[in-house]
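Undergrad: To start, I am sharing the structure in question, which I have written as structure tokens.
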Ligand code: 5GP
């Protein structure tokens, strides 16, 4: 999506540790009109898939998921991040490694909000090594829900998480795919 690539070039900052900071429009301050356009694009991509629920993970995924859900007219469920291993039996949970914080966490969703009859679109802001998405996929599998696919705003393609998921037969659509990012701030996109 050219519009998104231009916005990343103009407003994004490359930080050490392969982190792209897009706090001015996506991760801290949210440009609602712009992120709605991203949601519209996710709807165009997945409109024919029978999606009846959007699943994401707190915190950055929530705004994007809600602005996407308005086009599908479906509810959003977000996985909560829990530190404790004290997980109750009325939730689905999967452990993951946090890319930005470096710690382990449990992604947790109440069994009340994910059903075997659901057809789920998973939404997130970034895809790097794939840990966050794999946790959400695992939660859908535990619930017996069908996965329509994953919609990602920014995939850092060179980190391999997206291709691992695609190799499992999961449809992953990323609106911007970064081929390389250098410490001096140069960002190259995939064709
Ligand atoms: P993964 O689990 O695929 O390794 O990383 C994805 C998660 O880590 C996303 O949910 C996102 O919150 C965070 N993340 C990964 N890479 C970046 C990045 O370059 N910038 C920002 N802001 N977040 C990232």
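Undergrad: Let me know the Rg and Dmax you get for the stretch 40-102 when you use only its Cα atoms, in Å.
TA: Rg, Dmax (Cα atoms, Å): 14.1, 40.
Undergrad: Given the Cα atoms of the stretch 80-136, and with Rh set as the inverse mean 1/r over their pairs in the Kirkwood sense, what is Rg to Rh to two decimals?
TA: Looking at the stretch 80-136, the ratio lands at 0.97.
Undergrad: If I fit a long axis through the Cα atoms of helix 2-11 and take the longest principal axis of the Cα atoms of the chain, what angle between them do I get, 0 to 90°, rounded to 10?
TA: The angle comes out at about 70 degrees.
Undergrad: Next up: What ranking, highest mean first, results for peptides 18-24, 28-34, 153-159, 66-72 when packing means the other Cβ atoms within 10 Å averaged over each residue?
TA: Highest mean packing first, the order is 153-159, 66-72, 18-24, 28-34.
Undergrad: Determine the calculated [θ] at 222 nm for the chain from helices alone, applying -39500 (n - 2.57) to every DSSP H run no shorter than 4 residues and normalising by the residue count; nearest 500 deg cm²/dmol.
TA: -9500 deg cm²/dmol
Undergrad: Hey, how many Å between the Cα centroid of the stretch 44-74 and the Cα centroid of the stretch 80-139?
TA: Using only Cα atoms to place each centre, the spacing works out to 16 Å.
Undergrad: For the stretch 1-54, what is the Kirkwood estimate of the hydrodynamic radius, computed as the reciprocal of the mean inverse distance between distinct Cα atoms, to one decimal in Å?
TA: 12.7 Å
Undergrad: If you consider only alpha-carbon coordinates, what radius of gyration and Dmax does the chain have, in Å?
TA: Every Cα atom of the chain included, Rg and Dmax give 15.9, 48 Å.
Undergrad: Moving to a separate point now. Give me the percent relative contact order of the chain, please, defined on Cα pairs under 8 angstrom at least 6 residues apart.
TA: Relative contact order, the chain: 19 percent.
Values in this text are rule-based calculations from the coordinates and carry no lab data. Predicted model, so just to flag it, every value in this text is computed and none were measured. Virtual Cβ from ideal backbone geometry, glycine too; neighbours counted across all protein chains shown.
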